[in-house]
Amino acid sequence: MIDNRKNDSLVEREVAAFLDEHLYKDNEIIKEFARTDGINEQVAGSDVILSTTDGKLTRVVVDEKVASTQANRNLGTFTLELSFINKAGNRMCGWFTDTSKITEYYLFGWINKADIPYDAETKRWNTDMIRKDNIHELEWALVSRKKILSFLEKKGWTFERLGRQDEKIRQNGCVTTKDFIDDVAFRYSEKYREKPVNLMLKKETYMKLSDYNGKIVC
């Protein structure tokens, strides 16, 4: 069984360094930013605090969500964690449904091109080898948490209904993951130790909801 909660802190640091250099420091949209490295801030859902040059955003709290394990796969979706099972066997709120988080914006990232080894036998890219200097193309979207919630509510997916759907998925033990109904899908990853239930949206949805988005090519 795969332990999906085992963080590859090195890869996370490398991706963060890439974003610092190629997005936050080298983008006319960003006026100023500060990375929040404290453990308390990380747990609370804060990776970066930033402001934009157009005055639209002032010191907003951003949680970076980069799909590093899906690099080189032209991923067309991104999942929002509804719940997971902790080591004690208890169901816990996922990072998207945890209302104690202080996150105001998510920085979603898709690594389209990275110079990393490919294992023909397992048919998997070795994403553990991702480093700041071997990322060659990354798409990003800066999306307001409130906009995502509003989008879902317009589709009929209130927090209460998401909770009921979460319970239903866990009771049934399976869910069709590839079928989008009105731009929304769900994914139950039973193979992982924490058995997360995720809400899935298309990349194009995030782009439409985003305040800012772009592509970094190095």
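ARG161 meets the conditions (1) loosely packed, with under 15 Cβ neighbours inside 10 Å; (2) of a type in the set (Lys, Arg); (3) assigned to a helix (DSSP H, G or I); (4) at pLDDT below 95 in every case but one. The failed one is (4). Taking residues in the range 24-47 that are of a type in the set (Gly, Ala, Ser), and partners anywhere that are in a helix (DSSP H, G or I) and at pLDDT below 95, not one pair has Cβ atoms closer than 8 Å while being at least 6 places apart or on different chains. Scanning the range 120-138 for residues that are among the aliphatic types (A, V, I, L, M) and closer than 16 Å to VAL217 by Cα yields ILE130, ILE135, LEU138. For SER46, the conditions (1) small (Gly, Ala, Ser); (2) under 20 Å from the mean Cα position of the chain (by Cα); (3) surrounded by fewer than 16 Cβ atoms within 10 Å (Cβ to Cβ) are fulfilled apart from (3).
For (1) of a type outside the set (D, E, K, R); (2) more than 16 Å from the chain's Cα centre (by Cα); (3) part of a loop (DSSP other than H, G, I, E, B); (4) modelled with pLDDT of 95 or more, each residue gets a yes or a no:
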| site | (1), (2), (3), (4) |
| --- | --- |
| ASN7 | yes, no, yes, no |
| LEU10 | yes, yes, no, no |
| ALA16 | yes, no, no, yes |
| LEU19 | yes, no, no, yes |
| HIS22 | yes, yes, no, yes |
| ASP26 | no, yes, yes, no |
| LYS31 | no, yes, no, yes |
| ALA34 | yes, yes, no, yes |
| GLU41 | no, yes, no, no |
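For the subset of the range 168-218 comprising residues that are part of a helix (DSSP H, G or I) and polar (S, T, N, Q), which member is modelled with the lowest pLDDT?
The selected residue is ASN172.
Rundown of residues vs (1) over 26 Å from ARG161 (Cβ atoms); (2) out of contact with any Asp or Glu (no Cβ under 6 Å at 6 or more places or on another chain), yes/no style:
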| position | (1), (2) |
| --- | --- |
| THR36 | yes, yes |
| GLY45 | no, no |
| VAL60 | yes, no |
| GLN70 | yes, yes |
| THR77 | no, yes |
| GLU81 | no, yes |
| CYS93 | no, yes |
| PHE96 | no, no |
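Tell me, which residue of the range 177-199 that is of a type in the set (D, E, K, R) and free of Cβ contacts under 8 Å to residues at least 40 places away in the same chain is surrounded by the most Cβ atoms within 10 Å (Cβ to Cβ)? So the residue we want is ASP183. Does VAL62 satisfy being of a type outside the set (Lys, Arg), in a helix (DSSP H, G or I), in contact (Cβ under 8 Å) with a residue 60 or more places away in the chain and closer than 25 Å to MET200 by Cα? Considered against the rule, which asks whether it is of a type outside the set (Lys, Arg), in a helix (DSSP H, G or I), in contact (Cβ under 8 Å) with a residue 60 or more places away in the chain and closer than 25 Å to MET200 by Cα, VAL62 comes out as no. Residues that are in contact (Cβ under 8 Å) with a residue 40 or more places away in the chain and surrounded by fewer than 20 Cβ atoms within 10 Å (Cβ to Cβ) were ranked within the range 69-79; the one that is nearest to ARG193 (Cα to Cα) is THR69.
The values are calculated or read from the model by the stated rules, or taken from the named source; none is laboratory data. Everything quoted here is computed from the prediction, not taken from an experiment. No Cβ is skipped: glycine too gets one built from the backbone with ideal geometry, and neighbour counts run over all protein chains shown.
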